[in-house]
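See structure below.
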Amino acid sequence: MNDTRKKWDRIYQGTEGPPAHPCRVLVENEHLLPTGGTSLDLACGLGGSALFLADREFESHAWDVSQVAIDRLTARATKLGLSLHGAVRDIVMEPPGESVFDVIVVSHFLDRGIVPALIAALRPGGLIFYQTFTRHRVLGGGPQNDDFRLADNELLRLFAGLRLLIYREEGIQGDTAKGLRDEAMIVAQQRTAS
């Protein structure tokens, strides 16, 4: 884990310019958000999604393995006057607890082993906004190792126990110069007790 932490610290130490933007799945589907609650931007990097949620008055939490990323994110939140709880956390070794979050956002991170913990971490009616790379490489970018890229329809299988609200994966269908390429996104909801 130390090697992973050092790698990401180097990457974020060298990142110039404004902080990351909120992920596309969250921005495009903002209308599905509850009016408030507790949110988590998991593997947040510079935390564009965490800032977006804090600005909408969520109790916003942001976790990443990189101390540099978390330091930059919390400094940015302070500058913007936003309340945000940033933490350096190895999410594989220390996943979230059960029924803790109303909203979880994951963007450009894939560890299939933590998906059951993410599902369990959603409160009844809670939402997950998940977006990451697929194995179709139309535009390039993303990890070279297919272990860190989704197979066709894999997000549907990973979150099959949740209520599907939005799913988008266009692969190589049609005009590949348009649309969502190289990625898949899902918005799904934790079921409520009936």
Within the stretch 75-94, the residues that are under 13 Å from V65 (Cβ atoms) and either of a type outside the set (D, E, K, R) or within 15 Å of the chain's Cα centre (by Cα) (or both) are G86, A87, V88, R89, D90, I91, V92, M93
Residue pairs qualifying under the 6 Å Cβ cut-off, at least six apart or on distinct chains, with the first in the stretch 110-124 being at negative phi and the second being among the hydroxyl-bearing types (S, T, Y), are L110/T132; R123/S99; P124/T192
Here the qualifying pairs (Cβ atoms under 8 Å; residues six or more apart or on different chains; first in the stretch 55-79 and closer than 19 Å to D111 by Cα; second basic (K, R)) come out as W63/R89; D64/R89; V65/R5; V65/R89; S66/R5
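Of all residues in the stretch 21-64, how many are among the basic types (K, R) and over 12 Å from the mean Cα position of the chain (by Cα)?
So the first thing to find is which residues in the stretch 21-64 are among the basic types (K, R), and the list is 24, 56.
Imposing the further condition that a residue be over 12 Å from the mean Cα position of the chain (by Cα) reduces the set to 56.
Residues meeting the conditions: 1.
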Confirm whether D147 is within 28 Å of K7 (Cα to Cα) and of a type in the set (D, E). yes
The lone condition A43 fails out of (1) within 22 Å of V100 (Cα to Cα); (2) in contact with a helix residue (DSSP H, G or I) (Cβ under 8 Å, 6 or more places away or on another chain) is (2)
Those residues of the stretch 148-174 which are assigned to a helix (DSSP H, G or I), touching a Leu at 6+ places or on another chain (Cβ under 8 Å) and modelled with pLDDT of 90 or more amount to L156
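Would you pick out the residues in the stretch 175-192 that are more than 20 Å from R149 (Cα to Cα) and either modelled with pLDDT under 70 or in a strand (DSSP E or B) (or both)? Before the answer, list the steps.
Keep residues of the stretch 175-192 that are more than 20 Å from R149 (Cα to Cα), which gives 175, 177-178, 189-192.
Residues satisfying the conditions are D175, A177, K178, Q189.
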Apart from one, (1) within 29 Å of L164 (Cβ to Cβ); (2) of a type in the set (D, E); (3) modelled with pLDDT under 95 all hold for D41; the odd one out is (3)
- Message: Going residue by residue through the stretch 118-140, is there one that turns out to be modelled with pLDDT under 95, in a loop (DSSP other than H, G, I, E, B) and buried (at least 19 other Cβ atoms within 10 Å of the Cβ)?
- Response: yes
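The values are calculated or read from the model by the stated rules, or taken from the named source; none is laboratory data. Quick caveat: nothing in here was measured; it's all calculated off a predicted structure. Note: ideal-geometry Cβ built from the backbone for every residue, glycine included; neighbour counts use all protein chains shown.
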